[in-house]
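The values are calculated or read from the model by the stated rules, or taken from the named source; none is laboratory data. The structure presented is a predicted model; accordingly, all values stated were derived computationally and were not measured. All Cβ positions, glycine included, derive from the backbone under ideal geometry; neighbour counts span all protein chains shown.
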Amino acid sequence: MYYCMLRSLNNNGKNLIRLVKASVCQTPCDTSSKLCIVCHSTHSTVSSSLRPITHVLRRHWTHQTTSYRCVGSTVRTKPMPSAFPVIDGGFQPVHKHVYEANLRNSLICQQKYLEHKQKVLKGGGENAIARHTQRNQKVLVRDRLRMLLDDENYLELSPFAGDGLPYGDIPSAGCLTGIGQINGLWCVFIANDATVKGGTAYPITVKKQLRAQDVAMQNRLPCVYLVDSGGAFLPLQSEIFPDKNQGGRTFYNEAVMSAMKIPQVAVVCGSCTAGGAYVPTMAEEAVIVHRIGTIFLGGPPLVKAATGEEVTPEDLGGARLHSEVSGCVDHFATVESEAYEYTRNIISTLNFELPEESSIQSAEPLHSSEDLLGLAPRSYNYSLDVRLIVSRLTDGSRFQEFKARYGTTLVTGFAKIEGHQVGIVANNGELTYDASLKGSHFVQLCEQRDMPLIFLQNTSPAPSHTFSQAKAESNTNRLKAQGSMMSAVACASVPKITVVIGGCHGSDSYAMCGRAFDPNFLFLWPNAKVSILAPGHSQALMQTEEEITQINEMLEEESSAFFSTGRLWDDGVILPQDTRQVLGKCLKIIKQQVYQLSRERMRTPILRL
Ligand code: COA
């Protein structure tokens, strides 16, 4: 079943959009599309002023290794009324000491978060900033985003990626990525920070760019590249160039995204050398800034070495050359601010029709989001009832719990977050046999109802070991049930967002939609721990005291949320008190795809001939 948007004009000449049920036409009548849709309610009686304007909302999108999920097969013009019960979010006095211990830990974690934030704002440091702005006369990357985006209400992805890597600290991985609005349309941005080693691509930079492209594909978001890069960071070329998910993948993705009708625009606001030269030339439209932007495969030093000829960067591959002679770019901007104006105009030519600003008022939770600092567990043993967390995230603290009395170590149910209906799956203890069966059931319900899933992950610190026959049987059953839940989660085509609120350990984390299960977004709270076993739980697996100490020390260091996010195993660390706002934004972003009017046909990419 499909849904078709129909547009008609009312008596005042205003557009009226209607959504009607549709199915695939048995006798193809529209040869220009691979899939002809018949609108049920109007096919036989279509009036001349009523015409289908899109073939939208196909339920399952698959393209090679990435799956594209539609928010739902229905766009409701009016949400159904719901009066889910308010859940009890009050603390028991007996939990006071746990709350206080968590709070102390959260405040330390929050301080670390703020320090990281301050650090990345400095980019490549004072000297590099001076070189960038004074000698090279370029605008800093965050100021570029200010000119490009409608406002500063954007979702930055993995800002702390690149921190603490074996090859050094690479602030923000040398490249800012995120999702912001341009003329009201959510777009992914990928913007090099040339104050970090001339914007060169380290392995982590490549990983971050690929993840941003993945986000664009998964959520069908237009993508804008602000290119200012010296190409590959040569000392690490073996980790950047040869493999599948390395440098070349960026260009491969550009072609595939274009074929999928995901629009891409590049702004050349610095150097695009060697491989980097393909970013603008493979984008659907490109803008270049005079005197600042250059595109070439080999720069002036290479020309000199090869031919002995001295040539300026401007003559070799500057804005005039590429906009007047080579045609590698489509728009010539005299200054940077003009380039972002061009880009904003290009975005307004994309075929999207956005809904009126929602008039739905979503009720705030009944409890303060600051309480989440005392609920974020400092370790698994300090976890309180997860409903206390749910009650601080959902509209009006309302929650329609599903199977409340069965498999109680997993809490499942329906709620709204900033007006978006979601299914919530939250750990409340070990993921037992019953809990896993319940999880599978609930995930399938959400799939059936086209409802996004939110996973609140806090998994048990270590696997349950087999010390008796009874335990062996129980573990085997649990294994089967967890396998089923993993299958249900992996194959659910609805959007999924995971927030690691405590532990992310072992196989339970897969069933709870960990990174490998490809959620649309995955965030960590700063207290989160990510490792196969939690620190302090390796005794049963190690022989000697020395080995146990060594492994625990390693786990302690490697399981921290900042270690994880530095390596881009997630989409960023978020503060617990910001979670509702981040989830609301993600849900809005995911939903935007239903407003793209032209997207059904798979085509070849746009070729710059
Ligand atoms: N690999 C490794 N380091 C590089 C680099 C590269 N491809 N390109 C630049 N750097 C380093 C520079 O050595 C310098 O390091 P430092 O700060 O420790 O001195 C830093 O990045 C900034 O470069 P610099 O040349 O001083 O800055 P700039 O603003 O004048 O110029 C570029 C920036 C990118 C235009 C210029 O560095 C350049 O042309 N680099 C070579 C590009 C290239 O040929 N790439 C091919 C990659 S396959």
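Close contacts from segment 124-146, counting a first residue that is within 13 Å of the ligand (Cβ to nearest atom) and a second that is assigned to a helix (DSSP H, G or I), with Cβ to Cβ under 6 Å and a gap of 6+ residues or different chains, come to LYS138/HIS132. Being at pLDDT 95 or above and within 13 Å of the ligand (Cβ to nearest atom) is a property that holds for GLY168. One residue alone among SER369, SER383 is of a type outside the set (A, V, I, L, M), under 30 Å from TYR595 (Cβ atoms) and in contact (Cβ under 8 Å) with a residue 24 or more places away in the chain, and that residue is SER369.
Conditions tested, residue by residue: (1) within 9 Å of the ligand (Cβ to nearest atom); (2) free of Cβ contacts under 8 Å to residues at least 12 places away in the same chain.
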{"site": "SER229", "(1), (2)": "yes, no"}
{"site": "ARG249", "(1), (2)": "no, no"}
{"site": "TYR252", "(1), (2)": "no, yes"}
{"site": "VAL256", "(1), (2)": "no, no"}
{"site": "ILE262", "(1), (2)": "no, no"}
{"site": "VAL279", "(1), (2)": "no, no"}
{"site": "ALA283", "(1), (2)": "no, no"}
{"site": "THR294", "(1), (2)": "yes, no"}
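May I ask you to verify whether GLY275 is within 16 Å of the ligand (Cβ to nearest atom) and over 30 Å from VAL530 (Cβ atoms)?
Yes, satisfied.
Screening LEU321 with (1) away from the ligand (no atom under 13 Å from the Cβ); (2) outside any helix (DSSP H, G or I); (3) free of Cβ contacts under 8 Å to residues at least 40 places away in the same chain gives one miss only, at (2). Elements of the type helices (runs of 4 or more DSSP H) sitting completely within segment 513-609 and holding at least 2 residues that are over 30 Å from LYS117 (Cβ atoms): these cover 545-558.
Each residue in segment 443-489 was checked for being closer than 26 Å to LEU524 by Cβ, free of Cβ contacts under 8 Å to residues at least 40 places away in the same chain and part of a helix (DSSP H, G or I), and 2 of them qualify. Applying the criterion of being under 21 Å from the mean Cα position of the chain (by Cα) and among the small types (Gly, Ala, Ser) to the residues of segment 184-209, the residue that is farthest from the ligand (Cβ to nearest atom) is GLY184.
When ILE347 is tested against (1) under 21 Å from GLY502 (Cβ atoms); (2) touching a Cys at 6+ places or on another chain (Cβ under 9 Å), only condition (1) is not met.
Can you work out which of the residues in segment 106-151 that are charged (D, E, K, R) and in a loop (DSSP other than H, G, I, E, B) is surrounded by the fewest Cβ atoms within 10 Å (Cβ to Cβ)?
Residues of segment 106-151 that are charged (D, E, K, R), as a first pass: 112, 115, 117, 119, 122, 126, 131, 135, 138, 142-144, 146, 150-151.
Within this subset, residues satisfying the condition of being in a loop (DSSP other than H, G, I, E, B) are 122, 138, 150-151.
Details: LYS122: 12, LYS138: 22, ASP150: 13, ASP151: 8.
The selected residue is ASP151.
If only residues of segment 231-247 that are touching a Gly at 6+ places or on another chain (Cβ under 6 Å) and not hydrophobic (A, V, I, L, M, F, W, C) are counted, the one that is nearest to the ligand (Cβ to nearest atom) is GLY231. Residues in segment 128-169 that are polar (S, T, N, Q) and under 15 Å from ASP193 (Cα atoms): THR133, ASN136, GLN137, SER158.
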